[in-house]
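The structure appears below as C-alpha cells.
The values are calculated or read from the model by the stated rules, or taken from the named source; none is laboratory data. Note that the structure is predicted; figures quoted are calculated from it, not measured. No Cβ is skipped: glycine too gets one built from the backbone with ideal geometry, and neighbour counts run over all protein chains shown. Ligands, DNA and RNA are excluded from the accessible area calculation, which covers all protein heavy atoms including side chains. Shrake-Rupley method; radii C 1.70, N 1.55, O 1.52, S 1.80 Å.
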Amino acid sequence: SYPASLVVYYTSSEGSFTDVVEGIIIQVSSYPDIALEVVNWYWYPAGYPGSEGVYLYITIRNASNATIVEASGALILPSTVFTPSKANFQLANLGVNELATVSVGPISISTTAVPGYPYQCVLDVNATMRTDDGVTYYKHGVTYFNVAVSQPPSVLLYIVDYGLESPKHVSGLKLSRFYATFVNKDFRTIRTVVARFTIVSQNATFADGSD
C-alpha cells in the first residue's frame, strides 16, 4: 500500500483557495496467480499394463482470475511406469472458467503398472496472462493430479488342435513332443503366449521326470 494526498485548488467569489486531503491509501494488488484444474482425463486407445502408443487426453479448466493468452506446459509422469515420462503441450486463448483438452503421447505403459493405482502426475506451466483491464504479465504454475490404468482385457483364445508329434502313440514312447494349436478369436494382437502343460496321467512324464 502507498500513502497519498490530494491537493484541491479552487476559486470562489471570495478568492482562490487550496485544500489538502490527507490519509489516502492506495492499495496495489498482486497479479492473479495461474490456477489450472484437471476436470477429466482418459487414455485412447485404452491404457493398461503393456499398452504402447497410447495418448493421454486431459481436460483443463482455467480457474484463474485472468485469461491465459498462451501457455507452454509439460506433463510429467512417473518414469518407472510411463515412457516417455515427460511430454510438452500448448494452450492458447483460454478465458476464465473456460475448458481446453490437450493430448500428449504416444506413451508406453510398463507391464509392471498396477491397474487402478493412482499415479501422481504434474502439469508444469509457464503462461502469458491478461487481466480484465488489459494488463499482461507472466506466471508459472504447477498442478498435481492422478491417473490410473485399466485391467488388461481378456482375449478370446481357443485351442483347435493338440497332440503328440509322433506318428504313432504307443506304450514306451520316448522324447516325443506335445503340441497345441491356438486361434485368436479377438480383434487384439497377441504378441506372446506362455503356456504351462501339466501331465495328469500317472503313466507319462516329461523328459526331465517332472509332470
Can you work out which of the residues in the range 138-186 that are at pLDDT 80 or above and β-branched (Val, Ile, Thr) is surrounded by the most Cβ atoms within 10 Å (Cβ to Cβ)?
VAL149
Unmet requirement for PRO152, which otherwise passes all of (1) under 28 Å from VAL193 (Cβ atoms); (2) without any contact (Cβ under 8 Å) to a residue 60 or more places away in the chain; (3) touching a Phe, Trp or Tyr at 6+ places or on another chain (Cβ under 7 Å)
(2)
Kindly provide the set of residues from the range 104-122 that are surrounded by fewer than 12 Cβ atoms within 10 Å (Cβ to Cβ) and assigned to a strand (DSSP E or B), ordered by number.
GLN120
Going through the range 1-16 in order, the residues found to be over 30 Å from SER64 (Cα atoms) and loosely packed, with under 10 Cβ neighbours inside 10 Å are SER5, VAL7, VAL8, TYR9, TYR10, THR11, SER12, SER13, GLU14, GLY15, SER16
Restricted to the range 123-137 and to residues being part of a strand (DSSP E or B) and open to solvent by 30 Å² or more (accessible area, probe 1.4 Å), the residue farthest from VAL81 (Cα to Cα) is THR136
